[in-house]
(Lines give C-alpha, C1' and ligand atoms only; values in the text may rest on other atoms or scores of the structure.)
Protein backbone atom coordinates (compact mmCIF):
# COMPACT_ATOMS: atom_id res chain seq x y z
CA UNK A 1 0.00 0.00 0.00
CA UNK A 2 1.25 3.47 -0.89
CA UNK A 3 1.57 5.53 2.27
CA UNK A 4 3.29 8.78 3.15
CA UNK A 5 4.54 9.34 -0.36
CA UNK A 6 4.62 12.46 -2.51
CA UNK A 7 1.52 13.35 -4.52
CA UNK A 8 0.98 16.24 -6.96
CA UNK A 9 -2.54 17.59 -7.43
CA UNK A 10 -3.55 20.12 -10.09
CA UNK A 11 -6.39 22.59 -9.60
CA UNK A 12 -6.00 22.65 -5.82
CA UNK A 13 -7.38 26.15 -5.29
CA UNK A 14 -10.93 24.95 -4.56
CA UNK A 15 -13.40 22.07 -4.68
CA UNK A 16 -12.22 18.52 -5.18
CA UNK A 17 -8.55 19.46 -5.61
CA UNK A 18 -8.37 21.45 -2.39
CA UNK A 19 -10.22 18.87 -0.33
CA UNK A 20 -8.08 16.07 -1.78
CA UNK A 21 -4.89 17.95 -0.86
CA UNK A 22 -6.08 18.31 2.72
CA UNK A 23 -7.22 14.69 2.92
CA UNK A 24 -3.93 13.23 1.67
CA UNK A 25 -1.98 15.52 3.99
CA UNK A 26 -4.10 14.32 6.91
CA UNK A 27 -3.05 10.77 6.02
CA UNK A 28 0.62 11.70 6.26
CA UNK A 29 1.34 12.20 2.57
CA UNK A 30 3.61 14.91 1.18
CA UNK A 31 1.35 17.02 -1.03
CA UNK A 32 2.41 19.26 -3.90
CA UNK A 33 -0.75 21.35 -4.29
CA UNK A 34 -0.62 23.21 -7.58
CA UNK A 35 -2.71 26.18 -8.65
CA UNK A 36 -2.38 29.11 -11.00
CA UNK A 37 -1.99 31.72 -8.24
CA UNK A 38 -0.56 30.10 -5.10
CA UNK A 39 0.15 33.51 -3.56
CA UNK A 40 -3.61 33.95 -3.10
CA UNK A 41 -4.13 30.67 -1.23
CA UNK A 42 -4.29 31.28 2.52
CA UNK A 43 -5.55 27.96 3.90
CA UNK A 44 -3.41 25.26 2.28
CA UNK A 45 -0.23 27.27 2.84
CA UNK A 46 -0.66 26.91 6.61
CA UNK A 47 -1.19 23.14 6.71
CA UNK A 48 1.63 20.70 7.50
CA UNK A 49 2.63 18.35 4.69
CA UNK A 50 1.44 20.67 1.91
CA UNK A 51 3.63 22.79 -0.35
CA UNK A 52 2.19 25.13 -2.97
CA UNK A 53 3.42 25.42 -6.54
CA UNK A 54 2.35 27.59 -9.44
CA UNK A 55 1.02 25.50 -12.33
CA UNK A 56 -1.12 26.47 -15.30
CA UNK A 57 -2.07 23.39 -17.33
CA UNK A 58 -2.44 25.48 -20.49
CA UNK A 59 1.29 26.28 -20.52
CA UNK A 60 3.92 23.57 -20.97
CA UNK A 61 6.68 25.63 -19.33
CA UNK A 62 4.55 26.06 -16.21
CA UNK A 63 3.96 22.31 -15.94
CA UNK A 64 7.65 21.50 -16.37
CA UNK A 65 8.68 24.09 -13.78
CA UNK A 66 6.17 22.86 -11.19
CA UNK A 67 7.11 19.22 -11.72
CA UNK A 68 10.81 20.01 -11.43
CA UNK A 69 10.30 22.05 -8.26
CA UNK A 70 8.18 19.34 -6.61
CA UNK A 71 10.67 16.66 -7.64
CA UNK A 72 13.51 18.72 -6.18
CA UNK A 73 11.65 19.18 -2.89
CA UNK A 74 10.30 15.63 -2.47
CA UNK A 75 12.82 13.51 -4.36
CA UNK A 76 10.11 11.70 -6.33
CA UNK A 77 6.41 11.98 -7.19
CA UNK A 78 4.47 8.78 -6.75
CA UNK A 79 1.00 10.06 -7.71
CA UNK A 80 -0.24 12.78 -10.03
CA UNK A 81 -3.89 13.80 -9.86
CA UNK A 82 -5.23 15.64 -12.91
CA UNK A 83 -8.00 17.67 -11.34
CA UNK A 84 -7.74 21.08 -13.03
CA UNK A 85 -10.74 21.83 -15.21
CA UNK A 86 -13.98 23.77 -15.51
CA UNK A 87 -17.51 23.30 -16.78
CA UNK A 88 -18.80 24.87 -19.97
CA UNK A 89 -22.46 24.56 -20.84
CA UNK A 90 -25.10 26.23 -22.94
CA UNK A 91 -26.39 26.24 -26.47
CA UNK A 92 -23.84 24.93 -28.95
CA UNK A 93 -24.98 27.34 -31.68
CA UNK A 94 -23.78 30.21 -29.49
CA UNK A 95 -20.32 28.76 -28.86
CA UNK A 96 -17.56 30.20 -31.02
CA UNK A 97 -14.21 28.55 -31.70
CA UNK A 98 -12.46 30.51 -28.94
CA UNK A 99 -14.97 29.30 -26.33
CA UNK A 100 -14.67 25.68 -27.44
CA UNK A 101 -10.88 25.91 -27.60
CA UNK A 102 -10.71 27.25 -24.03
CA UNK A 103 -12.72 24.30 -22.75
CA UNK A 104 -10.51 21.76 -24.55
CA UNK A 105 -7.26 23.56 -23.63
CA UNK A 106 -7.90 23.01 -19.94
CA UNK A 107 -9.96 19.82 -19.72
CA UNK A 108 -8.20 17.80 -22.43
CA UNK A 109 -4.94 19.29 -23.70
CA UNK A 110 -3.93 20.50 -20.24
CA UNK A 111 -4.62 17.09 -18.75
CA UNK A 112 -2.63 15.48 -21.54
CA UNK A 113 0.33 17.80 -20.99
CA UNK A 114 0.44 16.98 -17.28
CA UNK A 115 0.00 13.27 -18.02
CA UNK A 116 2.90 13.30 -20.50
CA UNK A 117 5.18 15.00 -17.98
CA UNK A 118 4.10 12.54 -15.28
CA UNK A 119 4.78 9.53 -17.52
CA UNK A 120 8.36 10.61 -18.23
CA UNK A 121 9.02 11.21 -14.55
CA UNK A 122 7.41 7.94 -13.42
CA UNK A 123 9.08 5.89 -16.14
CA UNK A 124 12.47 7.12 -14.99
CA UNK A 125 11.73 6.48 -11.31
CA UNK A 126 10.27 3.00 -11.90
CA UNK A 127 6.53 3.52 -11.54
CA UNK A 128 3.67 5.57 -10.15
CA UNK A 129 -0.03 6.29 -10.44
CA UNK A 130 -1.84 8.86 -12.58
CA UNK A 131 -5.38 9.79 -11.57
CA UNK A 132 -7.71 11.52 -14.02
CA UNK A 133 -10.70 13.37 -12.57
CA UNK A 134 -13.31 12.79 -15.24
CA UNK A 135 -17.06 12.84 -14.60
CA UNK A 136 -20.26 10.88 -14.85
CA UNK A 137 -20.43 13.06 -17.97
CA UNK A 138 -17.55 11.10 -19.44
CA UNK A 139 -19.83 8.20 -20.26
CA UNK A 140 -23.34 9.69 -20.26
CA UNK A 141 -24.66 12.95 -21.66
CA UNK A 142 -27.12 15.59 -20.48
CA UNK A 143 -28.73 18.52 -22.31
CA UNK A 144 -26.65 21.71 -22.80
CA UNK A 145 -23.32 20.11 -21.89
CA UNK A 146 -22.23 19.07 -25.40
CA UNK A 147 -18.75 20.63 -25.25
CA UNK A 148 -18.09 19.66 -21.64
CA UNK A 149 -19.13 16.08 -22.43
CA UNK A 150 -16.86 16.10 -25.48
CA UNK A 151 -13.88 16.87 -23.22
CA UNK A 152 -14.73 14.28 -20.60
CA UNK A 153 -15.45 11.56 -23.15
CA UNK A 154 -12.05 12.39 -24.63
CA UNK A 155 -10.42 11.93 -21.21
CA UNK A 156 -12.12 8.55 -20.79
CA UNK A 157 -11.02 7.22 -24.18
CA UNK A 158 -7.52 8.66 -23.86
CA UNK A 159 -6.98 7.10 -20.46
CA UNK A 160 -8.54 3.73 -21.30
CA UNK A 161 -6.12 3.35 -24.20
CA UNK A 162 -3.18 4.72 -22.23
CA UNK A 163 -3.40 2.02 -19.58
CA UNK A 164 -2.16 -0.61 -22.03
CA UNK A 165 1.12 1.13 -22.85
CA UNK A 166 1.79 2.21 -19.27
CA UNK A 167 1.11 -1.08 -17.50
CA UNK A 168 4.46 -2.63 -18.57
CA UNK A 169 6.18 0.45 -17.09
CA UNK A 170 4.57 -0.12 -13.66
CA UNK A 171 2.48 3.04 -14.11
CA UNK A 172 -1.18 2.66 -13.15
CA UNK A 173 -3.91 4.97 -14.43
CA UNK A 174 -7.21 5.61 -12.66
CA UNK A 175 -10.36 7.43 -13.75
CA UNK A 176 -12.53 9.02 -11.07
CA UNK A 177 -16.11 9.67 -12.25
CA UNK A 178 -17.90 12.04 -9.84
CA UNK A 179 -21.62 12.67 -10.03
CA UNK A 180 -23.13 15.88 -8.65
CA UNK A 181 -20.64 17.39 -6.17
CA UNK A 182 -21.01 20.67 -4.27
CA UNK A 183 -18.15 22.64 -5.83
CA UNK A 184 -17.82 25.72 -8.01
CA UNK A 185 -18.71 23.63 -11.07
CA UNK A 186 -22.12 25.32 -11.07
CA UNK A 187 -20.71 28.60 -9.76
CA UNK A 188 -17.60 30.69 -10.38
CA UNK A 189 -15.84 28.00 -12.44
CA UNK A 190 -18.80 27.68 -14.78
CA UNK A 191 -18.95 29.15 -18.29
CA UNK A 192 -22.45 29.26 -19.77
CA UNK A 193 -23.55 30.72 -23.11
CA UNK A 194 -26.77 31.10 -25.07
CA UNK A 195 -27.65 33.00 -28.25
CA UNK A 196 -28.33 36.71 -28.06
CA UNK A 197 -29.95 36.88 -31.49
CA UNK A 198 -32.82 34.44 -30.90
CA UNK A 199 -35.09 33.35 -28.08
CA UNK A 200 -35.92 29.99 -29.60
CA UNK A 201 -33.84 28.13 -27.00
CA UNK A 202 -35.04 30.08 -23.95
CA UNK A 203 -37.74 27.68 -22.76
CA UNK A 204 -35.45 24.68 -23.24
CA UNK A 205 -32.60 26.36 -21.34
CA UNK A 206 -34.92 27.33 -18.49
CA UNK A 207 -36.12 23.74 -18.03
CA UNK A 208 -32.59 22.38 -18.01
CA UNK A 209 -31.34 25.10 -15.67
CA UNK A 210 -33.86 24.08 -13.01
CA UNK A 211 -32.56 20.52 -13.07
CA UNK A 212 -28.91 21.58 -13.09
CA UNK A 213 -29.28 23.99 -10.18
CA UNK A 214 -31.18 21.37 -8.20
CA UNK A 215 -28.26 19.00 -8.75
CA UNK A 216 -25.93 21.64 -7.32
CA UNK A 217 -28.14 22.14 -4.26
CA UNK A 218 -28.28 18.42 -3.47
CA UNK A 219 -24.74 17.52 -4.53
CA UNK A 220 -22.44 15.40 -2.39
CA UNK A 221 -19.60 16.82 -0.34
CA UNK A 222 -16.27 16.83 -2.26
CA UNK A 223 -14.78 14.78 0.56
CA UNK A 224 -16.46 11.67 -0.89
CA UNK A 225 -14.42 12.22 -4.05
CA UNK A 226 -11.21 12.83 -2.07
CA UNK A 227 -11.74 9.55 -0.23
CA UNK A 228 -12.37 7.75 -3.52
CA UNK A 229 -9.14 9.16 -4.97
CA UNK A 230 -7.30 7.93 -1.88
CA UNK A 231 -8.86 4.48 -2.23
CA UNK A 232 -8.00 4.31 -5.93
CA UNK A 233 -4.38 5.22 -5.23
CA UNK A 234 -3.91 2.84 -2.31
CA UNK A 235 -5.98 -0.23 -3.24
CA UNK A 236 -3.08 -1.82 -5.14
CA UNK A 237 -5.39 -2.91 -7.96
CA UNK A 238 -5.41 -2.39 -11.71
CA UNK A 239 -9.04 -1.24 -11.59
CA UNK A 240 -9.58 1.62 -14.05
CA UNK A 241 -12.87 3.39 -13.22
CA UNK A 242 -14.30 4.63 -9.91
CA UNK A 243 -17.82 6.13 -10.08
CA UNK A 244 -18.64 8.18 -6.99
CA UNK A 245 -21.83 9.86 -5.74
CA UNK A 246 -25.25 10.19 -7.34
CA UNK A 247 -26.06 10.06 -10.23
CA UNK A 248 -22.80 8.41 -11.32
CA UNK A 249 -23.41 5.38 -9.11
CA UNK A 250 -26.86 4.92 -10.70
CA UNK A 251 -26.59 6.15 -14.30
CA UNK A 252 -23.36 4.42 -15.28
CA UNK A 253 -24.64 0.91 -14.44
CA UNK A 254 -28.07 1.84 -15.84
CA UNK A 255 -26.66 2.84 -19.22
CA UNK A 256 -24.81 -0.46 -19.53
CA UNK A 257 -27.98 -2.51 -19.12
CA UNK A 258 -30.77 -0.42 -20.66
CA UNK A 259 -31.39 -0.27 -24.41
CA UNK A 260 -30.43 3.12 -25.83
CA UNK A 261 -34.00 4.28 -26.54
CA UNK A 262 -35.06 3.59 -22.95
CA UNK A 263 -32.05 5.32 -21.47
CA UNK A 264 -32.62 8.43 -23.63
CA UNK A 265 -36.28 8.41 -22.59
CA UNK A 266 -35.15 8.35 -18.97
CA UNK A 267 -32.94 11.44 -19.46
CA UNK A 268 -35.61 13.31 -21.44
CA UNK A 269 -38.20 12.57 -18.79
CA UNK A 270 -35.93 13.80 -16.03
CA UNK A 271 -35.33 17.09 -17.84
CA UNK A 272 -38.91 17.26 -19.16
CA UNK A 273 -37.67 17.99 -22.69
Within segment 231-249, the residues that are touching a residue at least 12 places away in the same chain (Cβ under 8 Å) and part of a helix (DSSP H, G or I) are 232, 233, 234, 248, 249
Against the conditions (1) part of a loop (DSSP other than H, G, I, E, B); (2) surrounded by fewer than 24 Cβ atoms within 10 Å (Cβ to Cβ); (3) within 14 Å of the chain's Cα centre (by Cα), where does residue 18 fall short? Just the number, please. (1)
Complete set of residues in segment 47-65 that are within 16 Å of residue 111 (Cα to Cα), touching a residue at least 24 places away in the same chain (Cβ under 8 Å) and outside any loop (DSSP other than H, G, I, E, B): 60, 63, 64
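Per-residue answers, yes or no, for (1) in contact with a strand residue (DSSP E or B) (Cβ under 7 Å, 6 or more places away or on another chain); (2) more than 16 Å from residue 88 (Cα to Cα); (3) surrounded by 24 or more Cβ atoms within 10 Å (Cβ to Cβ):
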position	(1), (2), (3)
142	no, no, no
145	yes, no, no
152	no, no, yes
163	yes, yes, no
178	yes, yes, yes
Mind counting the residues in segment 250-273 that are in contact (Cβ under 8 Å) with a residue 24 or more places away in the chain and outside any helix (DSSP H, G or I)? 2
Checking residue 267 against (1) out of contact with any strand residue (DSSP E or B) (no Cβ under 6 Å at 6 or more places or on another chain); (2) surrounded by 15 or more Cβ atoms within 10 Å (Cβ to Cβ); (3) modelled with pLDDT of 90 or more: exactly one of these is not met. Which one? (3)
Selection within segment 202-218 - closer than 11 Å to residue 273 by Cβ and either more than 27 Å from the chain's Cα centre (by Cα) or in a loop (DSSP other than H, G, I, E, B) (or both): 203, 204
How many of the residues in segment 134-144 are within 23 Å of residue 257 (Cα to Cα) and more than 12 Å from the chain's Cα centre (by Cα)? 5
Could you grab me the full set of residues in segment 75-125 that are surrounded by 18 or more Cβ atoms within 10 Å (Cβ to Cβ), part of a helix (DSSP H, G or I) and in contact with a strand residue (DSSP E or B) (Cβ under 7 Å, 6 or more places away or on another chain)? 103, 111, 114, 115, 118, 119, 122
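The values are calculated or read from the model by the stated rules, or taken from the named source; none is laboratory data. What you are looking at is a predicted structure, and each value in this text was computed from that prediction instead of being measured. No Cβ is skipped: glycine too gets one built from the backbone with ideal geometry, and neighbour counts run over all protein chains shown.
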